[in-house]
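**Q** What follows is a single structure, and I will ask about it in a moment.
The values are calculated or read from the model by the stated rules, or taken from the named source; none is laboratory data. Since the model is a prediction, treat every value here as computed from it, not as a measurement. Backbone-built Cβ (ideal geometry, glycine too); neighbour counts: all protein chains shown.
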Amino acid sequence: MRAIAAISLIGFGLLLGFAPARAESRLYVGAPVAFDFSGGVNGAADSTSGYTAGWGFPFHLGLGLTRIGAEGVDDAKLVTVKATYSLVDLFAWFRAWGTDLQIGYGRGNAELEPFQDASGVRFEADKADASQWFITAGLPLGRRFSIHLGYHSVSAESANIRANGVDAGPFVLDGAAWSLGFQIAMN
C-alpha cells in the first residue's frame with residue numbers, strides 16, 4: 001500500500017508539471033452507484049449509498065470527503081453485511097486529452113455492522129483503518145461544467161472480529177466502487 005501511495009505522489013508531481021501554473025478553483029460532487037466487496041465478504045452490494053465531495057484549489061490540488069455505504073449478501077457464506085467507509089481525500093486535478101481528470105488518495109475508517117451467519121453465529125468487528133485510491137474522468141459540457149465517472153479502490157482491515165464474543169482474528173473489508181458526479185469551475 002505504501003508503494004501505491006509513493007507512486008501516486010510521484011504521479012501527482014508529474015501531472016502538475018504539465019498543468020498550467022494557475023487555473024480556476026473547482027467544486028466536485030458525486031455519489032457511489034455500485035460497490036463490489038472483496039476480502040472477508042465477496043460479491044456485489046445490493047444497495048450503495050453515500051457521497052463524494054471535493055474542492056480543487058487553483059494550484060491543481062484538492063481536498064475532499066468520501067463516504068460509501070454498502071449492503072450486500074455473500075451467497076457463499078450466507079451472510080448479509082452492511083459496511084460504511086468514511087475517508088478524507090487529497091487529489092490532483094487537470095485537463096488532458098479533452099477530459100477533466102482527478103487522481104487521488106484517501107485515508108479514514110470502515111465500520112461493519114454486526115451480522116449473523118446461517119448457523120446463528122453473531123459477528124462483530126472493530127472499526128478498521130481504511131484507504132482508497134481513485135480516479136475520475138469527466139466529459140466537459142461547456143467551459144465550466146463536466147460530468148464524471150469515477151473508480152474507487154478501497155482497502156480496509158479491522159484489527160479484530162469476534163464470533164459470538166470470541167476473538168477470531170482480522171477481517172478484510174476491501175472493495176471497489178463506481179461513482180457518478182459533476183464538477184463546476186469557479187472564478
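**Q** Working only within segment 161-184, note down all residues that are under 26 Å from residue 65 (Cα atoms) and in contact with a Pro (Cβ under 8 Å, 6 or more places away or on another chain).
**A** Those that are under 26 Å from residue 65 (Cα atoms) and in contact with a Pro (Cβ under 8 Å, 6 or more places away or on another chain): 177, 178, 179.
**Q** Something else: Is it the case that residue 162 is touching a residue at least 24 places away in the same chain (Cβ under 8 Å) and in a loop (DSSP other than H, G, I, E, B)? Spell out the reasoning first.
**A** Details: touching a residue at least 24 places away in the same chain (Cβ under 8 Å): yes; in a loop (DSSP other than H, G, I, E, B): no.
So residue 162 fails the test.
**Q** Here's something else I'd like to know. For residue 135, all conditions in the list (1) of a type outside the set (Asp, Glu); (2) surrounded by 15 or more Cβ atoms within 10 Å (Cβ to Cβ); (3) touching a residue at least 40 places away in the same chain (Cβ under 8 Å); (4) under 27 Å from residue 30 (Cα atoms) hold save one; what is the number of the exception?
**A** (3)
**Q** Could you list, in sequence order, all residues of segment 167-187 that are assigned to a strand (DSSP E or B), farther than 30 Å from residue 99 by Cα and modelled with pLDDT of 85 or more?
**A** 172
**Q** Among the residues of segment 115-150, which ones are within 30 Å of residue 183 (Cα to Cα), over 25 Å from the mean Cα position of the chain (by Cα) and either assigned to a strand (DSSP E or B) or aromatic (Phe, Trp, Tyr) (or both)?
**A** Listed by number, the list is empty, since nothing qualifies.
Yes/no per residue for (1) surrounded by 15 or more Cβ atoms within 10 Å (Cβ to Cβ); (2) in contact (Cβ under 8 Å) with a residue 24 or more places away in the chain:
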{"position": "120", "(1), (2)": "no, no"}
{"position": "130", "(1), (2)": "yes, yes"}
{"position": "139", "(1), (2)": "no, yes"}
{"position": "153", "(1), (2)": "yes, no"}
